[in-house]
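Read through the structure below, which is laid out as structure tokens, and then see the notes.
The values are calculated or read from the model by the stated rules, or taken from the named source; none is laboratory data. Note that the structure is a prediction, hence the values are computed from the model and not measured. Reconstructed Cβ throughout: ideal geometry from the backbone, glycine too, with neighbour counts over all protein chains shown.
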Amino acid sequence: MAKKSRPKPGKKKPFRKAPAKRAAPKKVPRKSAQKAQAKEVPAPRPSYSPMDKEQRISKIEEGTVIDHIMPETVFKVAEILRLSSHPNLVSIATNLPSKKMGKKAIIKIEKRFLTDEEVNKISVFTPDATVSIIRNFQVKEKGRVKVPDSIENVIRCSNPACVSNHEPITTKFTVVEKDPLKVVCVYCERPMVQSEIEIV
Ligand SMILES: [Zn+2]
């Protein structure tokens, strides 16, 4: 399903083109050496260079980038978007370091744009995700997903007796709380929290 980009054998190796900057072993007076050392301690150097980070997922020419996905939901998002049957490039990277989230996941989808309904669905599982529309390798539009006030035809009611589980009707929930998500079924008034939510 996921095609991760790797440098092709025989091509130039971008990872090695610009080696990570290292502190030059220059001879410096003792005092300033100590100072430099002290400065580096609070912010340990990550195990990758910024360049590596850029190259983990290749850029796309046209399509959608979903960033700031909670790693535990990334395959749910892929399922919602039915990416396993997408005929063009799909890159999924997960557990990437993120200042804001600790760890995050990114999905890049070539030649695919999301409908509002899909964005709503994603927001139910990963409310901090950002969605960027890419055209000609440039970000044309960027926005955060937003949990809607009501959710239709996205999630299933957890009440087995609910009419929405027996009649061919659209499921409908009122969003009571957005973070953490709490919804109430319009038909049977069953409240549901994030962990109980399943997609239709
Ligand atoms: Zn219900």
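Filtering D116, D179, D149 for residues that are touching a Pro at 6+ places or on another chain (Cβ under 7 Å) and surrounded by fewer than 16 Cβ atoms within 10 Å (Cβ to Cβ) leaves a single hit, D179.
Per the conditions (1) free of Cβ contacts under 8 Å to residues at least 12 places away in the same chain; (2) not assigned by TED's automatic domain parsing to the domain that holds R82, the sole criterion not satisfied by T115 is (2). Within the range 54-97, the residues that satisfy the criterion of being touching a residue at least 60 places away in the same chain (Cβ under 8 Å) and in a helix (DSSP H, G or I) are K76, A78, E79, I80, L83, S84.
Checked against the criterion of being in the same structural domain as I60 (by TED's automatic domain parsing), in contact (Cβ under 8 Å) with a residue 24 or more places away in the chain and either surrounded by fewer than 12 Cβ atoms within 10 Å (Cβ to Cβ) or among the acidic types (D, E) (or both), the range 160-175 contains not a single residue that satisfies it. Among the residues of the range 136-157, at least one is modelled with pLDDT of 95 or more and either within 16 Å of the ligand (Cβ to nearest atom) or not assigned by TED's automatic domain parsing to the domain that holds R82 (or both).
Once the range 163-198 is narrowed to residues that are closer than 14 Å to N120 by Cβ and either in a loop (DSSP other than H, G, I, E, B) or out of contact with any strand residue (DSSP E or B) (no Cβ under 6 Å at 6 or more places or on another chain) (or both), the residue that is farthest from the ligand (Cβ to nearest atom) is K178.
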